[in-house]
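Colleague: For reference, the structure I am asking about is given below.
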Amino acid sequence: LCGAGVAYKVIEALFGACGKDIEDVDYLMENVAIATVGDVMDLVGENRIFVKQGLEMLKRTNNLGLRALIATTKNTGLRALIEACELDAAHLSAYHIGFVIGPCLNASGRLDTAKRALELLCAKTKKEADILAGDLKALNDNRKDMTASAVEEAVKQVEETRLGEDKVLVIYLPDCHESLAGIVAGRVRERYNRPVFILTKAEEGVKGSGRSIESYHMYEELNKCKSLLTKFGGHKLAAGLSLEEENVDRLRETLNELSLLTQEDLIPKISIDM
């Protein structure tokens, strides 16, 4: 379960402990569905049920079995966001949550404040919801433009400098918004199939995010360079780090010197499950 799924189970348990009907909290299922897909949880078992039921709540069917043309979710804010994104509510799927609705809700926390998304979900009137939904869509469009620009600059560095010779790509984009570093790292990793660290200028020093490939354990490799870092954390496929600006080049050199990656490791692999 993702965090929202856990919260939902706690609310259910509290309702049960208070002698209330736990079905009274079913209306929260659509929020759990959005969070479950947005957090990229495996859609099996209870998670699959959450998402299936949540999607049905977002695209109610009428008594004749014909799908409604507009969302009938009780949440005014979600309905406004679906309309602002010009989605066909009758055919909403996990794709629309993961690549349209979720990113719009997420953009406020990345570029401004997450309170904007919360205000949308708590909106009482259609007018308020429409304004907030429009703001979130505009923020997300801005995020996409900023991401595309940062990816373009990162690719330019790889293609036009000696960075392209490295097996571990450490790319410094001082003007990139720090909240976008992980997204940019993921895009560059997909393009070159190499571990990628995107570093950005922060209020104090440099901050960054990394995205890896199967044959490179990102956290363990960073641990070998911990003397150059002020803070770091993560796991095999992703990591976050902070360091002083003067250590950026040393980090790039050290990570590549210590890397045991072979040319075979850098060949893209495709997993087929049927």
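The values are calculated or read from the model by the stated rules, or taken from the named source; none is laboratory data. It should be emphasised that the depicted structure is a prediction, and the values quoted were computed from it without experimental measurement. Here Cβ is always computed from backbone atoms with ideal geometry, including for glycine, and neighbour counts include all displayed protein chains. For the accessible areas, the whole protein counts, side chains as well, though only heavy atoms, and no ligand, DNA or RNA atoms are used. Shrake-Rupley method; radii C 1.70, N 1.55, O 1.52, S 1.80 Å.
Colleague: If you scan segment 226-241, which residues turn out to be open to solvent by less than 80 Å² (accessible area, probe 1.4 Å), in contact with a strand residue (DSSP E or B) (Cβ under 9 Å, 6 or more places away or on another chain) and not in a strand (DSSP E or B)?
Modeller: L228, L229, L237
Colleague: If the Cβ limit is 6 Å and pairs must be 6+ apart or interchain, which residue in segment 251-274 that is exposed (fewer than 10 other Cβ atoms within 10 Å of the Cβ) pairs with which residue that is of a type in the set (S, T, N, Q)?
Modeller: Taking only residues 6 or more apart or on different chains, the pairs are P268/N193.
Yes/no matrix, rows are residues, columns are (1) open to solvent by less than 60 Å² (accessible area, probe 1.4 Å); (2) assigned to a helix (DSSP H, G or I); (3) modelled with pLDDT of 95 or more:
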residue	(1), (2), (3)
L87	yes, no, no
F99	no, yes, no
G109	yes, yes, no
I131	no, yes, yes
N140	yes, yes, no
R143	yes, yes, no
V151	yes, yes, yes
A154	yes, yes, yes
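Colleague: Can you tell which of K167, K201, K207 is in contact (Cβ under 8 Å) with a residue 40 or more places away in the chain, open to solvent by 60 Å² or more (accessible area, probe 1.4 Å) and touching a Ser or Thr at 6+ places or on another chain (Cβ under 9 Å)? Give the steps one after another, and end with the answer.
Modeller: On the way: K201 fails: touching a Ser or Thr at 6+ places or on another chain (Cβ under 9 Å); K207 fails: in contact (Cβ under 8 Å) with a residue 40 or more places away in the chain.
Answer to the check: K167.
Colleague: Here's a follow-up. For segment 111-122, which positions are of a type outside the set (D, E, K, R) and assigned to a helix (DSSP H, G or I)?
Modeller: Of everything in segment 111-122, those that are of a type outside the set (D, E, K, R) and assigned to a helix (DSSP H, G or I) turn out to be L111, A117, L118, L120, L121.
Colleague: Given (1) modelled with pLDDT of 90 or more; (2) in contact with a strand residue (DSSP E or B) (Cβ under 6 Å, 6 or more places away or on another chain); (3) among the β-branched types (V, I, T), identify the lone condition not met by T61.
Modeller: Checking T61 against (1) modelled with pLDDT of 90 or more; (2) in contact with a strand residue (DSSP E or B) (Cβ under 6 Å, 6 or more places away or on another chain); (3) among the β-branched types (V, I, T), the one that fails is (1).
Colleague: Output the residues belonging to segment 172-223 that are more than 19 Å from the chain's Cα centre (by Cα), under 14 Å from L255 (Cβ atoms) and in a helix (DSSP H, G or I).
Modeller: Y219, E220, E221, L222, N223
Colleague: Are there any pairs, at least 6 apart or on different chains, whose C-beta atoms fall under 8 Å, with the first in segment 227-248 and farther than 12 Å from F197 by Cα and the second part of a strand (DSSP E or B) and of a type in the set (K, R), and if so, which?
Modeller: As it stands, the answer is E245/K201, since those pairs meet every condition given.
Colleague: If a residue has to be without any contact (Cβ under 8 Å) to a residue 24 or more places away in the chain and β-branched (V, I, T) to count, how many in segment 94-116 make the cut?
Modeller: Result for segment 94-116: 2.
Colleague: Here's a follow-up. Considering only segment 12-58, state which residues are farther than 22 Å from T76 by Cα, over 19 Å from the mean Cα position of the chain (by Cα) and assigned to a helix (DSSP H, G or I).
Modeller: If the condition is that a residue be farther than 22 Å from T76 by Cα, over 19 Å from the mean Cα position of the chain (by Cα) and assigned to a helix (DSSP H, G or I), then E12, A13, L14, F15, G16, A17, I22, E46, R48, I49 are the ones that fit.
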